[in-house]
1. For residues in the range 157-168 being touching a Phe, Trp or Tyr at 6+ places or on another chain (Cβ under 8 Å) and part of a loop (DSSP other than H, G, I, E, B), which is surrounded by the fewest Cβ atoms within 10 Å (Cβ to Cβ)?
2. Would you confirm whether or not the range 104-125 contains a residue that is surrounded by 15 or more Cβ atoms within 10 Å (Cβ to Cβ), out of contact with any strand residue (DSSP E or B) (no Cβ under 8 Å at 6 or more places or on another chain) and more than 26 Å from Ile189 (Cβ to Cβ)?
3. Quick one: count up the residues across the range 128-156 that are in a strand (DSSP E or B), in contact (Cβ under 8 Å) with a residue 60 or more places away in the chain and within 21 Å of Gln78 (Cα to Cα).
4. Within the range 192-202, can one find any residue that is surrounded by fewer than 19 Cβ atoms within 10 Å (Cβ to Cβ), in a loop (DSSP other than H, G, I, E, B), basic (Lys, Arg) and at pLDDT below 95?
Amino acid sequence: MNVNAKSSVSEGRQFSDSTTSRKKGGELFNGLSVKPSNNGFIYFSKLAEKLVPNLEGMDPNEIKEKYISSMHSGLRLQESKISGKGIFATENISHGTELAEFKGHLVGREIATELQEAEDFDSDYYIQVDEHHWMVDIVEEPANYFNHSCEPNAMLDPKAPLATRLLALCDIRKGEEVTYDYGTQDKDIPYSMDCRCNSSECRGIVSSKDYLNPDFQRARKGMFPAYIQVTLDRLNNSSSPNS
């Protein structure tokens, strides 16, 4: 969910690249841009105007409560070797620590599909959080810039009812970039992106179908959000010889 749209590398929570097939249309969200609001926030103008038409009239504290993600005090935004900007640890952080709680505007499948199909819109701006809902970024903020890695040191909390809480997957040392695997995040709206995380485990391509790969399932066991794990359990049970 990064403001640098139309990129073919992993940067922020970004999913789009030239391999992604899009239908033209989506007039509701075409012409997306970023601009400052009267209350001091920078927001995605077309998106905010359509989904939250009263945003500029909101009290700043209400915007912070609804749309600004909480983030661990030992994290900061800076330039990333993966691509563009990323989130880095400014202190040692222990395994299991909550790193961030993502916030945004919840939408259902119909609007999420419209976002994906919009000509001038990229899926950078939203993530699937359960079987039927997606969380859309309304306001530009540092938490938009958690990068993908195929060898992550963070993960979405598999026990949370919504896939919005990011936890430290291991001990994270001061100076390390904090990343998670986008392949554990979305499954229902197709996406594909080139990956340049440069890790020894780099898959080259990250997509919404990664969770169906048995090797990926083994590597990410215990790391899938509840709604993906339910789907995997159902698929595995249906393929069992005794089913």
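The values are calculated or read from the model by the stated rules, or taken from the named source; none is laboratory data. These numbers come from a predicted model, not from an experiment. Note that each Cβ is placed from the backbone with ideal geometry, even for glycine, and that neighbours are counted across all protein chains shown.
1. Pro158
2. No: zero hits.
3. Final tally of qualifying residues: 4.
4. Yes: one or more hits.
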